[in-house]
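Chemist: Okay, handing you the structure first.
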Amino acid sequence: MPAILHNDVLLYKGSNLFRQRLLLSTLSGRAIKIEEIRSTHDDPGLREYEVNLIRLLDKITNGSRVELSETGTSLYFQPGILVGGQINHSCCTQRGIGYYLEVLLALGPFCKEPLNAVLQGVTHHDLDVSVDKIKSAALPILLKFILVDDGLELKVVRRGAPPLGGGEIVFKCPVRRHLRPLQWSKWGLVKRIRGVVYALRVSPTMANRVVETAKGVMLNFLPDVYINTDQCRGPNAGKSPAFGISLLAETNDKTFYCAESKSVEAGTGDATLPEDLGRECALKLLDEIHRGGAVDSAFQWILALWMALGQKDVSECIVGPLSDYTIKFLQHLKEFFGVMFKLEVLSSDDDEMSSDDEEKTSSAQKVKMTCIGIGYVNISKRTL
Amino acid sequence: MADDAIFDKKKSHRAKHAGRKAEKKKKKNQVDQSNLTARQRNPKAFAIQSAVRAERQFRRREDVISKKQHIPQVDKTPLDPPPIVVAVVGPPRVGKTTLINNLIKSFIKTNVTNTNGPITIVTSKKRRLTLIECNNDINSMIDIAKCADLVLLLCDASFGFEMEIFEFLNICQVHGMPKIMGVLTHLDMIKNAKKLKMTKKTLKHRFWTEVYSGAKLFYLSGILHGEYLRNEIKNLSRFISVMKFRPLSWRMTHAYLLADRLEDITNQENIRKDPKVNRDVVLYGYVRGVPMMKDSVVHIAGVGDMKISELSYLPDPCPLPNSEKKRHLMERERQIYAPFSGVGGIVYDKDAVYIELKGSHSHKQEDEEADEKKALLKNVVETTETVDEQMQEIGLKLFSGGAVIYPDMVKDDEYLQHSKTQDSSDENESGDESDFENDSGIDQSEKETKTSSKLPWDNNSGSEEEGDDDDDDDDDGKLNTETKGSKNESNSDDSDSEKSETEEEDYNTKWKEKLSEKATMAYFERQKTSKNIMKLVYGDFEIGNKTKQTKEREDTDDSDDEEIGGLFKKVTSSQKKKHMEKEQLDHDECSFFYSLDKPNLRDWTKDTYKQIIINNFVTGKRSADEDAEELLQLDDASDGDDEMYGDFEDLETGEKHVNAEKSADASKEELGSKRKADNTKSEILNKKLKLKAKFDAEYDNPDDHRIKGDHSYYESLKAEALKQSELNKSVFENLDNGLRIEVEGFRPGLYVRMLFKNMPSEFVTNFDSSYPLLIGALNMAEQNIGFVSCKVKKHRWYKKILKTNDPLIISLGWRRFQTLPIYSKIEDDMKCRYLKYTPEHVTCNMHFYGPITPQNSGFLALQTVNNASNEIKQLGFRIAATGSVNEINKSTQIMKKLKLVGTPLKIYKKTAFIKDMFTTTLEVAKFEGARVKTVSGIRGQIKKALNKPEGAFRATFEDKILMSDVIFCRTWFKVDVTKFYAPVVNLLLPIGNKNAWEGMKTKGQLKRERNIKHEANNDSMYTDIVRQPKVFKPLVIPKALQKALPYRLKPKAKTMTLTDTITKEKFSNRIAVIKNPHEQKVSNVMKMLKTNFEKKKEVQKELTSEKMKKYKKQQEEVEWRKLKRQKEMKKKICRHLSKMSNKSQKQM
């Protein structure tokens, strides 16, 4: 649903895509107003985790103005200048750290000072990408845009599962004046599979059982499979019991696909079998590989963002089928920055024609995204 | 001798015909020596003789090369570039207008009567010029410097360089140096030839120091019949037409426009009601710099920030000739376009045709004309004109009474209706499901349009597309009926029937039968989604201006249009959509591919599915051009050929077989057969050949054996930039124009029309075409306002120094504005220390409240833009300071030194109560722990506030302080920057008064104007200092101490210390003695005797001393005689002795 523009303020309705809107508003410097936030719900207004996100944005910016209505159902946000620097934030446990970390990752390169954020909370959550996934699949994407890795780092100090969390991560991100244009149309073939199985406050055998099944599935395709177990103890294990797995597939052109699953929250009643979990995750990874593209499907939006924020040159990337989230994000990019992507569905049949007929169905639809960057420069950074 | 000659005769050389040397020579002669370089012919002569010298030569060569290298930049010049802006700048009465007229005449052979505003002309097959004259106003000079590509700087040689020229050069340096060519005029005023030569030389050198040494300076030697000499103008125009330009960083990041036409399209009725009503103004011009985005904010220099409410492109009014092969321009291709000057005849616009009626029809008169007449005329004109896009608007007018319908909206309608029917067919589906269905609905309707390779929402395309659009509509209609017919069928069947040709579909349907989970189905449906993904993503957006209006109307008209039969369906569908949106409204945000629903995954371990992805792994089968096996085979095949037909050496016989031609033939054959067999293989072969050629070029470089430096890094950078620029140019080339503009923006070189709503009426009523109308696009966040920190240096020619918080007019980016700066100095700890005045000859820091502008953009500061001659004369040079932006923030941290002074209230040992430093306890609380210091240097610390005298506090010191001590506390005080930002709106001022913009005045200015005298503070007056002499108390040494002192230092007994006073006292108390006469006589006699005696003694003393002298003299004489005698004696004796010795020798 396109926004209504009123006095240069973008007007939105509903709490949907709250994070995208705040993120883009901060980057573009345009004020937004969101109305009817859960106005018809029993529990109207902003949720705790959303307020927490606003807090985080307030910490890394200078001069932001936030006006909440009394009921919390409408919000006016006028962004300030991105400052960055040393930040300590305890995230709301309703959502994972990934929810906040993705925002920091997107904003990181455009801060005044290199970002050094310590986030506490839930490191693995069902709704959000885990910190492992960001570390292994998203940071390489940023590296493509900034080229030189001077201090890009994500360290998982402690893991923490919902509902109580107790995890901690340290995220460091260098600043750039502008991002390079990127052409990325080859992603190669999967050459190795790595993974981490963590077990927090549960028996270590759980981890081993997960490894066994996950590896069993993956060995059907590739011999180079290696899965670590991370058995956390004491304070490093967070506050709630859980176990989970994240698998990483690396191609020979430095594309990373990542899939993850975790056990259901303790206390909800049903329990997860570790074997099921391992198999589920492996299938998810295969699904991701099937989708293909230059980036993992969960990070299409961040790729699109950085492409759009590049210099006034053409960026070109090929990704797998667009997720709903990415589609929404592209729409928002158009609204905030006026940048429109040229999207082409690549007919994948060309290559396959020669091979047998059965395989024609094989590769999923690929989308070629082309855009001209808006020439975004980091206006916060100081020059001497 | 003859024999000798015979023997001496050398044997003649017999060249060898066989053997090693002969072979060598033969081999050498085989190669054609004629076209070889000396180095190749005789390599030994060029061998390195001295390693040191070779090293030096190499180093020097590398130095020269690296000096030439620049960081490669991506070339962003478009394929058909906008006209080059040539600005003619100079003080008044130097001949600017004459020069423009002459240039136009020399380029396009027509006379232009009055030159006003920019004049665009076609000069060659690839180049257009926009000539613009700069009037004598510093505002115009700044704007011109920001947009000119080439500046012709005119100077009256008989007068010399004037201040304006130096000012302009400084402006240029700050905003990015365009190319500058100097032109000297009025050379005929200097009669003396020698003087002329001298003037030329001095002016040239002065010009060189300003621009760069070697800058081109033209001489226009005189005027003949009111024109410059034809030859000289010809030369000048040649120089202009071959000029090359360097990209400037600001203009390579910002789009801009030099407006060459203005129309006021406000409703005449509104103007009649209120002449001051805000106007709707249309401005035209060529886009320059980088592509201009549709909904960007622009700054109109001299007016302010504006939002473009409508942007569209028009056919080029002054097009370049189409590329036919011919050397010269045809006469009719030498076009001129200058609406402000009244040249150009008929002008086609988007919604009107304008006919130039030769001067009787200027803008102002238009406004005054009667409404009816004008409307009538306009109507007539409108009906006659046949601009293609009008079709769509006509559609709008037809339905203007009730609902509004456009051709594309009809289209929209259909697709909505279509999706609606589908939705209704499976209503019991979940919300997400229906969402997806809608998507697929779109792609169904889009499929057809895509096949005709046209995008339905494209409105801006030319006339030929109009018909196509209609076709599309028809197609859509057909499709619609088709789908309507099949709407009773089940959903899966529906999709089946559409794409039944493809195997994929078959496969999917089969697969679908097995699984019933709807979410999974949705996922797979999405996988084979639509070809037209653009519509899926941007379908909600209006593309092109007209659809935007429809949307708005649609939104507003939703409620009241329900009764209208034609639109009934549309309304219900939009309601449906709204309902859907509402459901989506409060979804949790999740970036995963399956956002919230969890689909059942395919079981990839099953063999059928495994086959699908097995080739995504390195262990799988690869595509033909990557498969190692096939490549190897290919290699083998080609290598085999080489072995069969290529060169080889027979080792046994030492014979070489060369069979180049044959092998080439063979490979050709080979290639041909391969091509037939497999296309990819031939491609690979080509690739290989290319690679080989590259390798050869790199490694056996026969011509030059010099040692070369490694420039691969630079080369790769350059190649990267080149690749990027090629990609930039090529990637959207084949795209449909309307969509291309959507994606890329309005690329430079397009002639665009931009509509601004709510412009101040003064802009139109006070319009003066001699002022440049510069429209600069603002990038992201540049329309915001914040605190800008920059480094600044007062110009060395500016006579005053600048004071903090004095209003300053700054030209930064596209803008000119007035603000209140605060100067500061950055200390070593990066603290900004407040300065009251700018320092001389060094840069300092400056903070002001103003528009956010990227770092490193240059700016210049003026104290006034007023052109009042007396003020200019007083100032001399108007540019007060120059600098560049450092940092942008939303708050500032400028500190001023502050010394708080207090006095002791009460002193204990090391503790003291201090008063007068603060006024309240709160203030003290804020300073607890702060360091304080007395004048004598005793350090201390503030401890805690006292409650009795308000503001007093307890402090501890390292030593006991005195009551007379003054206590200081040194702190910093934060100075706030005043939030004042006022754009210079000189274009809104009345004509003839545009150069008199006056913003905020300084307090001093106001006082001077109103003749307010400042009353001096008495405390600040200088008076003579009167100092009382200091009186010290006597030193009292305690007794205990006295005892301990050594005797030497001990205060001595009272007699000793107080002798003088005591004797005086003693004698003062004595009785006077009075003598009797006898005694008096006696004493007299005694006195006389005494004097006699003394006199006698004196005389005697004198006598004795004389005697002594005499005696001494005598004695000396005696002594001398004695010495003489002795000497002679010695002489005699010596002689005697020598004689004696001689005698004795004689005997020997």
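Chemist: Can you pull out every residue in the stretch B:720-736 that is within 10 Å of chain A (Cβ to nearest Cβ), more than 27 Å from the chain's Cα centre (by Cα) and buried (at least 16 other Cβ atoms within 10 Å of the Cβ)?
Modeler: Scanning the stretch B:720-736 gives B:Val731, B:Phe732, B:Leu735.
Chemist: Right, here's the next one. Residues being away from chain B (no Cβ under 13 Å) and part of a strand (DSSP E or B): count how many of those fall in the stretch A:180-215.
Modeler: Summing the residues that are away from chain B (no Cβ under 13 Å) and part of a strand (DSSP E or B) in the stretch A:180-215 gives 7.
Chemist: Which one of these does B:Ala945 not meet: (1) within 30 Å of B:Cys832 (Cα to Cα); (2) small (Gly, Ala, Ser); (3) modelled with pLDDT of 90 or more?
Modeler: (1)
Chemist: Continuing with this model, one more query. Looking at the stretch B:77-92 only, could you name the residues that are over 15 Å from B:Thr120 (Cβ atoms) and touching a Lys or Arg at 6+ places or on another chain (Cβ under 7 Å)?
Modeler: Initial filter on the stretch B:77-92 (over 15 Å from B:Thr120 (Cβ atoms)): B:77-79, B:89-92.
Of everything in the stretch B:77-92, those that are over 15 Å from B:Thr120 (Cβ atoms) and touching a Lys or Arg at 6+ places or on another chain (Cβ under 7 Å) turn out to be B:Pro78, B:Leu79, B:Gly90.
Chemist: Looking at the stretch A:260-297, which of the residues that are in a strand (DSSP E or B) and in contact (Cβ under 8 Å) with a residue 60 or more places away in the chain is nearest to A:His124 (Cα to Cα)?
Modeler: A:Lys262
Chemist: Out of the strands (runs of 3 or more DSSP E) lying entirely within the stretch A:43-130, which hold 2 or more residues that are more than 12 Å from chain B (Cβ to nearest Cβ) and in contact with a His (Cβ under 8 Å, 6 or more places away or on another chain)? Break it down stepwise before answering.
Modeler: Values: elements: A:65-68, A:75-78, A:84-90, A:113-121.
The qualifying strands (runs of 3 or more DSSP E) are A:113-121.
Chemist: Kindly check whether there is at least one residue in the stretch B:625-634 that is modelled with pLDDT of 70 or more, under 19 Å from B:Ser682 (Cβ atoms) and either part of a loop (DSSP other than H, G, I, E, B) or β-branched (Val, Ile, Thr) (or both).
Modeler: no
Chemist: Looking at B:Glu210, B:Glu232 in this structure, which one is closer than 25 Å to B:Thr113 by Cβ and either touching a helix residue (DSSP H, G or I) at 6+ places or on another chain (Cβ under 9 Å) or surrounded by 14 or more Cβ atoms within 10 Å (Cβ to Cβ) (or both)?
Modeler: On the way: B:Glu210 fails: closer than 25 Å to B:Thr113 by Cβ.
The match here is B:Glu232.
Chemist: Please specify each residue of the stretch A:155-173 satisfying the condition of being farther than 14 Å from A:Ser90 by Cα, surrounded by 19 or more Cβ atoms within 10 Å (Cβ to Cβ) and out of contact with any Ser or Thr (no Cβ under 9 Å at 6 or more places or on another chain).
Modeler: A:Cys173
Chemist: Condition first: facing another protein chain (nearest Cβ under 10 Å), surrounded by 24 or more Cβ atoms within 10 Å (Cβ to Cβ) and either part of a loop (DSSP other than H, G, I, E, B) or modelled with pLDDT under 90 (or both). Can you find one or more residues in the stretch A:250-258 that meet it?
Modeler: The answer is no; no qualifying residue exists.
Chemist: For the condition modelled with pLDDT of 90 or more and more than 9 Å from chain B (Cβ to nearest Cβ), what is the one hit in A:Ala298, A:Ala294, A:Ala282?
Modeler: Just a single option satisfies the conditions, and that option is A:Ala294.
Chemist: Now, a different point. List, please: which pairs have Cβ atoms under 8 Å, are six or more places apart or on different chains, and start with a residue in the stretch B:1000-1028 that is touching a residue at least 24 places away in the same chain (Cβ under 8 Å) and end with one that is assigned to a loop (DSSP other than H, G, I, E, B)?
Modeler: B:Met1000/B:Pro807; B:Met1000/B:Leu820; B:Met1000/B:Phe980; B:Lys1001/B:Pro807; B:Thr1002/B:Asp806; B:Thr1002/B:Pro807
Chemist: Counting residues that are more than 14 Å from chain A (Cβ to nearest Cβ) and farther than 21 Å from B:Phe957 by Cα, which strands (runs of 3 or more DSSP E) fully inside the stretch B:836-932 reach at least 1?
Modeler: On the way: elements: B:844-851, B:858-862, B:879-889, B:894-907, B:911-915.
By residue number, B:844-851, B:858-862, B:879-889, B:894-907.
Chemist: Also: Check B:Asn135, B:Asn170, B:Asn139, B:Asn116 and return the single one that is of a type outside the set (Val, Ile, Thr), in contact (Cβ under 8 Å) with a residue 24 or more places away in the chain, buried (at least 24 other Cβ atoms within 10 Å of the Cβ) and outside any strand (DSSP E or B).
Modeler: After applying the criteria, what remains is B:Asn139.
Chemist: Still on this structure, I have one more. Can you pull out the residues in the stretch A:42-64 that are farther than 19 Å from A:Lys13 by Cα and over 19 Å from the mean Cα position of the chain (by Cα)? First the steps, then the outcome.
Modeler: Pass one, the stretch A:42-64, residues farther than 19 Å from A:Lys13 by Cα: A:52, A:55-64.
Residues satisfying the conditions are A:Arg55, A:Asp58, A:Lys59, A:Thr61, A:Asn62, A:Gly63, A:Ser64.
Chemist: Looking at the stretch A:319-349, which of its residues are facing chain B (nearest Cβ under 8 Å), hydroxyl-bearing (Ser, Thr, Tyr) and assigned to a helix (DSSP H, G or I)?
Modeler: A:Tyr325 - this is the single residue of the stretch A:319-349 that is facing chain B (nearest Cβ under 8 Å), hydroxyl-bearing (Ser, Thr, Tyr) and assigned to a helix (DSSP H, G or I).
Chemist: While we're looking at this one, here's another question. Please go through the stretch B:804-830 and pick out each residue that is without any contact (Cβ under 8 Å) to a residue 60 or more places away in the chain, over 18 Å from the mean Cα position of the chain (by Cα) and in a strand (DSSP E or B).
Modeler: Within the stretch B:804-830, B:Tyr823, B:Lys825, B:Ile826 meet the criteria.
Chemist: Out of curiosity, is A:Leu247 free of Cβ contacts under 8 Å to residues at least 12 places away in the same chain, more than 10 Å from chain B (Cβ to nearest Cβ) and of a type outside the set (Ser, Thr, Tyr)?
Modeler: For A:Leu247, the condition - free of Cβ contacts under 8 Å to residues at least 12 places away in the same chain, more than 10 Å from chain B (Cβ to nearest Cβ) and of a type outside the set (Ser, Thr, Tyr) - is not met.
Chemist: Being out of contact with any helix residue (DSSP H, G or I) (no Cβ under 7 Å at 6 or more places or on another chain) and assigned to a loop (DSSP other than H, G, I, E, B) is the filter; apply it to the stretch B:62-75 and report the residue that is farthest from the other protein chains (Cβ to nearest Cβ).
Modeler: Result: B:His70.
The values are calculated or read from the model by the stated rules, or taken from the named source; none is laboratory data. Keep in mind the model is a prediction, meaning the values are calculated, not measured. Cβ atoms come from the backbone with ideal geometry, glycine included; neighbour counts cover every protein chain shown.
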